[in-house]
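Scroll down for the structure; my scribbles are underneath it.
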Amino acid sequence: MITTLFTALINILFNGLFIPLLGIWGAALSTMISYLFLGTFRMLHSRKYFRFYIDFRAVFFSILLLFVQCAAVSADVWPVPVSLFCFGLMLLVNAGSARALAVLIRDTAKKLSKGNEVKK
C-alpha cells in the first residue's frame, strides 16, 4: 500500500512537470515513470520472499518490441501485421518465463496448503 501511495505521489509530481510541457504525452510519460518505479520496487521487495531469476535480455527485447509496435501503430504503417508479429515474438521470447512463473505459483500454493511458511 505504501508503494502504491508513493507511486501516486510520483505520478502527481511528474504530471505537474510534464503536462504543461508535453500535454497528454506528458501525462503518459509521468505514468510510465511512476509504473516503472512501482514495478522495480515490488520486484526488489519480492526477492525477500521468493527466489526467482529475471532474464533481463528478454525483458529488454520485449520492451524494444513494444516500442516497435507503438511506432508502427502511431505511424499507421501496417499496424495489425506488425502488432501480431511483435506479439508472437514476445510470446516466444517469454515462454520460459511464463513456465517458471507457473511453477513458482504452483510450488508456493503447495507450501501454503500444507501449512508451511513460504521461505523468506
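Can you tell me which of LEU92, LEU36 is in a helix (DSSP H, G or I), under 18 Å from the mean Cα position of the chain (by Cα), more than 27 Å from LEU13 (Cα to Cα) and modelled with pLDDT of 85 or more?
Just one listed residue meets the conditions, LEU92.
Residues of region 97-114 being more than 21 Å from the chain's Cα centre (by Cα) and touching a residue at least 12 places away in the same chain (Cβ under 8 Å), which ones?
THR108
Examine region 4-14 for a residue that is among the polar types (S, T, N, Q) and within 28 Å of ALA100 (Cβ to Cβ), and state whether such a residue exists.
Within region 4-14 (the criterion being among the polar types (S, T, N, Q) and within 28 Å of ALA100 (Cβ to Cβ)), the answer is yes, since at least one residue qualifies.
Checking the structure you have, find out if any residue of region 42-56 is surrounded by 12 or more Cβ atoms within 10 Å (Cβ to Cβ), out of contact with any Pro (no Cβ under 7 Å at 6 or more places or on another chain) and without any contact (Cβ under 8 Å) to a residue 12 or more places away in the chain.
Scanning region 42-56, I find no residue that is surrounded by 12 or more Cβ atoms within 10 Å (Cβ to Cβ), out of contact with any Pro (no Cβ under 7 Å at 6 or more places or on another chain) and without any contact (Cβ under 8 Å) to a residue 12 or more places away in the chain, so the answer is no.
Condition first: aromatic (Phe, Trp, Tyr), in the same structural domain as LYS111 (by TED's automatic domain parsing) and either surrounded by 12 or more Cβ atoms within 10 Å (Cβ to Cβ) or not in a helix (DSSP H, G or I) (or both). Can you find one or more residues in region 57-64 that meet it?
Yes: one or more hits.
Name every residue in region 32-54 that is under 24 Å from GLY96 (Cβ atoms) and among the small types (Gly, Ala, Ser), in order of residue number.
Of everything in region 32-54, those that are under 24 Å from GLY96 (Cβ atoms) and among the small types (Gly, Ala, Ser) turn out to be GLY39, SER46.
The values are calculated or read from the model by the stated rules, or taken from the named source; none is laboratory data. Please read these numbers as outputs of a predicted model, since none were measured by experiment. Don't worry about glycine lacking a Cβ; one is built from the backbone with ideal geometry, like all the others, and counts go over all protein chains shown.
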